[in-house]
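Chemist: Before anything else, here's the structure in question.
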Amino acid sequence: MPDSVVSIGTKAFEGCTSLRQIVVLASVSAMTGNPFNGLTNTEIISQSPRFTLADGLLLDNGSIIVAYLKDEEYITIPDTVTSIAANALEHCESMKQITISASVLSIGKDNFMYSNALQQIIIPEQSVEKLKVMIPLWLQSIIFYMKKAVEE
C-alpha cells in the first residue's frame with residue numbers, strides 16, 4: 001500500500017483470500033465498512049496510531065470495531081467498545097454466540113449477515129431497550145439477557 005493512501009473503503013479487500021498479510025500504514029486515518037471482510041487467514045498489521053488490533057478486533061481509536069478478523073464460535077465485545085461499525089461482524093460464519101457489553105451505544109447496519117451459525121446474542125439486562133432496537137428483527141428470537149450478579 002503506498003504512503004499516499006489515507007482511507008480504506010467498504011470491503012476493499014473482500015475476496016482477496018490469497019493475501020497473507022496487509023500492512024495498514026501510518027498514513028491511514030479512515031476505514032469504513034469492514035475493508036477486510038472475510039479475510040480470517042490474512043494477518044493485518046497496523047502502523048496507524050488510529051487503528052489497533054486486540055483479540056481479533058480491528059479498532060478505530062480503541063473504541064469502534066471496524067472489523068472482526070477471526071472466525072471464532074464465541075465472541076465477547078469488551079467494555080472499551082462503544083460502537084460496532086457497519087459490516088464489522090459480517091461473515092462471522094463460525095460465530096455461535098456473541099456477548100455485547102453495556103458500553104456499546106451503536107451497532108451499524110449489516111452486522112451478523114452471513115453468520116448462519118449464530119444461536120445466541122447475549123446483552124446485559126440493563127441495556128435491553130438500548131441494544132434490542134439495534135439488532136435486526138430476524139435475530140430478535142435469539143437475544144438473551146444477562147443479569148448482573150449482585151453481591152450482598
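The values are calculated or read from the model by the stated rules, or taken from the named source; none is laboratory data. The shown structure was predicted, so the numbers you read here are calculated from the model rather than taken from an experiment. Here the Cβ positions follow ideal geometry from the backbone for every residue, glycine too, while neighbour counts run over all protein chains shown.
Chemist: With respect to residue 84, determine if the residue is surrounded by 20 or more Cβ atoms within 10 Å (Cβ to Cβ), β-branched (Val, Ile, Thr) and touching a residue at least 12 places away in the same chain (Cβ under 8 Å). First the steps, then the outcome.
Modeler: On the way: surrounded by 20 or more Cβ atoms within 10 Å (Cβ to Cβ): yes; β-branched (Val, Ile, Thr): yes; touching a residue at least 12 places away in the same chain (Cβ under 8 Å): yes.
It is true that residue 84 is surrounded by 20 or more Cβ atoms within 10 Å (Cβ to Cβ), β-branched (Val, Ile, Thr) and touching a residue at least 12 places away in the same chain (Cβ under 8 Å).
Chemist: May I pose another question? Of all residues in segment 2-19, how many are without any contact (Cβ under 8 Å) to a residue 60 or more places away in the chain and at positive phi?
Modeler: So in segment 2-19, the residues without any contact (Cβ under 8 Å) to a residue 60 or more places away in the chain come out as 2-9, 12-19.
Still in the list and also at positive phi: 15.
Residues in segment 2-19 being without any contact (Cβ under 8 Å) to a residue 60 or more places away in the chain and at positive phi: 1 in total.
Chemist: Tell me, yes or no, whether segment 122-142 has at least one residue that is among the small types (Gly, Ala, Ser), in contact with a Gly (Cβ under 7 Å, 6 or more places away or on another chain) and modelled with pLDDT of 85 or more.
Modeler: Step one: list which residues in segment 122-142 are among the small types (Gly, Ala, Ser), which gives 127, 141.
Next cut, in contact with a Gly (Cβ under 7 Å, 6 or more places away or on another chain) only: none.
For segment 122-142, residues among the small types (Gly, Ala, Ser), in contact with a Gly (Cβ under 7 Å, 6 or more places away or on another chain) and modelled with pLDDT of 85 or more: absent.
Chemist: A follow-up question, please. Determine if segment 7-16 includes at least one residue that is among the basic types (Lys, Arg), surrounded by 14 or more Cβ atoms within 10 Å (Cβ to Cβ) and not in a strand (DSSP E or B). Steps first, answer last, please.
Modeler: Taking segment 7-16 as the starting set, the residues that turn out to be among the basic types (Lys, Arg) are 11.
Applying the additional criterion that residues be surrounded by 14 or more Cβ atoms within 10 Å (Cβ to Cβ) yields 11.
Filter again for not in a strand (DSSP E or B), leaving 11.
Within segment 7-16 (the criterion being among the basic types (Lys, Arg), surrounded by 14 or more Cβ atoms within 10 Å (Cβ to Cβ) and not in a strand (DSSP E or B)), the answer is yes, since at least one residue qualifies.
Chemist: Could you please give the count of residues in segment 17-66 that are of a type in the set (Val, Ile, Thr), in a loop (DSSP other than H, G, I, E, B) and touching a Phe, Trp or Tyr at 6+ places or on another chain (Cβ under 8 Å)? Reasoning before the result, please.
Modeler: As a first pass, look at segment 17-66 and keep what is of a type in the set (Val, Ile, Thr): 17, 22-24, 28, 32, 40, 42, 44-45, 52, 64-66.
From what is left, the residues that are in a loop (DSSP other than H, G, I, E, B) are 17, 28, 32, 40, 42.
After this cut, where a residue has to be touching a Phe, Trp or Tyr at 6+ places or on another chain (Cβ under 8 Å) as well, the list is 28, 42.
So the count comes out to 2.
Chemist: Can you find, within segment 34-59, the residue that is surrounded by the fewest Cβ atoms within 10 Å (Cβ to Cβ) among those that are under 19 Å from residue 98 (Cβ atoms) and either modelled with pLDDT under 90 or not aliphatic (A, V, I, L, M) (or both)? Give the steps one after another, and end with the answer.
Modeler: Going residue by residue through segment 34-59, those that are under 19 Å from residue 98 (Cβ atoms) are 34, 36-38, 40, 53-59.
Imposing the further condition that a residue be either modelled with pLDDT under 90 or not aliphatic (A, V, I, L, M) (or both) reduces the set to 34, 36-38, 40, 55-56.
On the way: 34: 30, 36: 23, 37: 24, 38: 21, 40: 17, 55: 12, 56: 15.
Of everything passing the filter in segment 34-59, 55 is surrounded by the fewest Cβ atoms within 10 Å (Cβ to Cβ).
Chemist: Residues to consider are 116, 111; find the one that is under 18 Å from the mean Cα position of the chain (by Cα), of a type in the set (S, T, N, Q) and surrounded by fewer than 14 Cβ atoms within 10 Å (Cβ to Cβ).
Modeler: Working: 111 fails: surrounded by fewer than 14 Cβ atoms within 10 Å (Cβ to Cβ).
Going through 116, 111 in turn, the sole match is 116.
Chemist: Cβ-Cβ distance below 6 Å, separation of 6 or more or different chains: which pairs start in segment 20-33 with a residue that is without any contact (Cβ under 8 Å) to a residue 60 or more places away in the chain and under 12 Å from residue 44 (Cβ atoms) and end on one that is surrounded by 14 or more Cβ atoms within 10 Å (Cβ to Cβ) and among the small types (Gly, Ala, Ser)?
Modeler: Filtered contacts from segment 20-33: 24/46; 24/48; 28/48.
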